[in-house]
1. List the aspartates and glutamates whose Cα sits under 15 Å from the Cα of K54, skipping any in the same chain fewer than 8 residues away.
2. I need the phi-derived Karplus couplings for the stretch 205-216: 6.51 cos²θ - 1.76 cosθ + 1.60, θ = phi - 60°, integer Hz, Gly and Pro marked x.
3. Could you work out how much longer the chain between L334 and S610 gets when fully extended? Use 0.36 nm per residue separation minus the Cα distance between them, nm to one decimal.
4. Quick one: what are the phi-derived ³J(HN,Hα) couplings along the stretch 646-658, Karplus 6.51/-1.76/1.60 with θ = phi - 60°, whole Hz, x for glycine and proline?
5. With a ≥ b ≥ c taken as the square roots of the eigenvalues of the C-alpha gyration tensor of the stretch 57-233, please select rounded if a/c is under 1.5 and otherwise prolate if a/b is larger than b/c or oblate if it is not?
6. If the chain between D704 and E53 were fully stretched, how many nm would it gain, using 0.36 nm times the residue separation less the Cα-Cα distance?
7. Can you sort T503, T199 by how many other beta carbons sit within 10 Å, fewest first?
8. Among C823, C292, which comes first, then next, by fewest other beta-carbon atoms within 10 Å?
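Please treat every number below as a calculation from the coordinates, not as lab data. Not measured: the values here are computed from a predicted model. Note that we place each Cβ from the backbone using ideal geometry, even for glycine, and neighbour counts take in every protein chain shown.
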Amino acid sequence: MRTVLLASLRTHTRRYVAAVLAVAIAVAFVVVTDALASAARGGLTEEVGKPYEKGDLVVTGGAVDGWPSNEGVEAVVGLAADEGDSAAPLADAWLPVDRTDGTSIIDDAPVGTWPDDPALVWQDLVEGRGVAAPDEAVADASRARANDLGIGDEVVVGTGDAATTLTIVGLADGTTFTSSALWADFSVVASFDGWAAETVTYAVGPGRSVDDAAAGIAALGGTETEVGDLVTWSPAEVAADRLQKANQQVDVLSMVVLLFAAIAAVVSVMVIANTFSILFAQRQRDLALLRCVGATRRQVRRSVRLEALVVGLLSSATGLLVGAALGFGGVALLRATVDFPLGTPEPSPVWWGAAFVGGALTTVVAAWVPTRTATRVSPLAALRPEAAPSVRTAAGRVRIALGLLVLGAGAVGLAAAVSAADMVVMVAGGTLFFGGVVLLGPVLVPAVLRLVGLLVRRTGPTARIAGDNAVRNPRRTAATTASLLIGVTLTTAVLTGMASARTATDREMDEQYPVDVTVAAEDGPIGAELADRVTGLPGVEASLVVPGGEVAAAPVVDDTVAGVPADELFTDDALPVVSPGAATGGDLDEVVRGDRGIALPQDDEILVPSGITGAAGLTERLEVSTPRGSVTLRARYVDSAWGTAAIVAPDTLETLLGRDTTAYAAWLRADGDDLDDLLADLDATTAGTGASVTPLVEQRNWIDRQLDIVVIAVVGLLGIGVLIALIGIGNTLGLSVLERSRENALLRALGLTRRQLRRTLATEGVLLSVVATLIGTAVGVLFATIGVKVMVQPSIPDAAMVLPYGQLAVVVLVAALAGLVACVLPARRASRTAPAAGLTAD
């Protein structure tokens, strides 16, 4: 049997190409994931410990990841000064950074601390020198280049009386996880409200021990004091904690990617099983002859399973080599092009071993059932002419009954998931439902094929032959399309689900951020002149000049808020109010996104954004007054943001401020093409005027980018499984060409041209791809509907299903084109065979 095994491998090498490719791609996928993950871990190891590695101790607030109180940080810095030690707080404050002429550089930037002791400096100085005085700063090199800053330039950080002018004396690089726009002396950072420190790196001076320093620091703290707990750790302990947390993110991402590798493996199993089923069906006479000359059923079964094992081992080895080349090459390319810390990939024996063994086992498992089926046929039965395949057998009826049962169980699970909004139940129900669809494939797929075939039969005899060939063997057809069905179903579900989520999110964004950009002064109106300048800038699609002023707002004393003292109720002696209904210069519908009613309160209403009220208690009514008079208005507190002003009706504004209201603010809608340029122009235009720019559109754009990234990543990863499925379709067509060589030759002898034969096979490939895509699209849309109800509607109750018709049409078109490409080689091989040679083939 060893001779038979080797001869079979030599004879049928080309027929195993699809199986080898399917397994090799799945194995390579795992190896590439390991290479990227290990490189990311290596880069993280170098980065996370950098701020602590030069110290003897690291001070935290209690736990290793606890932040010390500001009083505790100042106490540690004071202790270091008294004892001759050095302390470097890893602190920052988020502050506006402007040029000395008032031009904004960064609206809200982290300003960190530069260590006083040069021995504790962890930043990489690129140019110039470090901070040596309170009026100096070092700028982040990349941000400095982006904002045209250099050594010697002066910047102003902070606002009001606390604003401080700093001279840039150096440029430096931080780490990926710890960086700031500027680094200044600790005394400067600590002078601003809102500063905080993650840790304090502590270096012990000459003549003192680390233990003495640790004891002194511990003595400063206490839960009963403002200082709070102060705990010291070694730099290695803190770095290990940070590394573990960073690696958890890498590991989670790796597991997510491996989920798609598992999907690719499942698709590979289907492709391999179908390949072996066809091969063993074609070799049934060979196996029968072996039985007739003395080989036992057990020997034949062992031989073909060893054949599958050899194919699996070769496939896994190929996958390891290809994956290593792609993984190491990809990391090298990323290190040269992407600003992210990547170390040298270190192959994981566990990952590589699991990938190799998994690939081999996948092949053997996939071949197990076809092997058993092929060897169960008696020698004499195998030597008889092959009967037409049919699902109307006892086994076929059992399969259909089981498919209906599993499909029903899946439907019940999906219904339960919707009722309970349970994602785990949804995944389980979806898996069962899809399993039922696959089991019913020999009935479902041919039925859809016949229906689609009716549409193309009228195009000519080649289409009729292709349609008949596609449904000749229902089980083979179902097995061929099942692999593509998985990829299309998941892709459709993701595209439809994300389109629905995006629409619901856009609606939420319209309510929360109805205006793209607002321009308003911190104290008073912006004035007509500035309003005309900002509304005329390039990049402004539509604009409104909104009238308004300041009023006093106080809670109505008759309204009570349970548990909230009267002095903690919302009140504002200088509340900005505007009235978009009385705006000039544009159409409200063109500026406000979503429902314009969100900016048009009733005459007795006042709309108060949540950003104004903060944590104050909210009453149902507010008494709003000016020197002209007062009115009591129903307060509607909303999540929408349009700057820092409340909104009233035009008549209410006239009652409070009269007819001669000035241009209080400008509302702008960006055209979306050059947002960065528009914001830069707005900053330059408003510099020195006291007006501030609020780019609400940035939050909307950030969310859109995240959704785009998710869609691209998921569809790209699912593409691996789709690629394997298309290899399977090409393989099935190729093996069918060999199986139908006499039939094709007879058609040629009866007058079918080479071109018509190629067209027949092309039509068959396209039919298989399109039918799998249509069924997958239907199931995917169903899954997306369930997903929206379970995952989106609990957060956004009015979220509705949205079908991305354009994207779904692209999926169908791509699948059809891919099916056409998959049949190129089989069609060429079939058309090159002369009719006489085909008729004499065995």
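1. Of all the aspartates and glutamates, those that pass the test against K54 - Cα under 15 Å, at least 8 places apart if same chain - are E46, D85, D116, D117, D124, E237.
2. x, x, x, 10, 9, 5, 5, 4, 5, 4, 5, x
3. Net length gain for the segment: 95.0 nm.
4. Calculated HN-Hα couplings, in order: 7, 10, 10, 6, x, 5, 5, 4, 5, 4, 7, 10, x Hz.
5. Numbers: a/c = 2.28, a/b = 1.75, b/c = 1.30.
Prolate is the answer for the stretch 57-233, as a/c is 1.5 or above and a/b outweighs b/c.
6. This chain segment gains 230.5 nm when fully extended.
7. Values: T503 18, T199 27.
By the 10 Å Cβ count, ascending: T503, T199.
8. In increasing order of surrounding Cβ atoms, one gets C292, C823.
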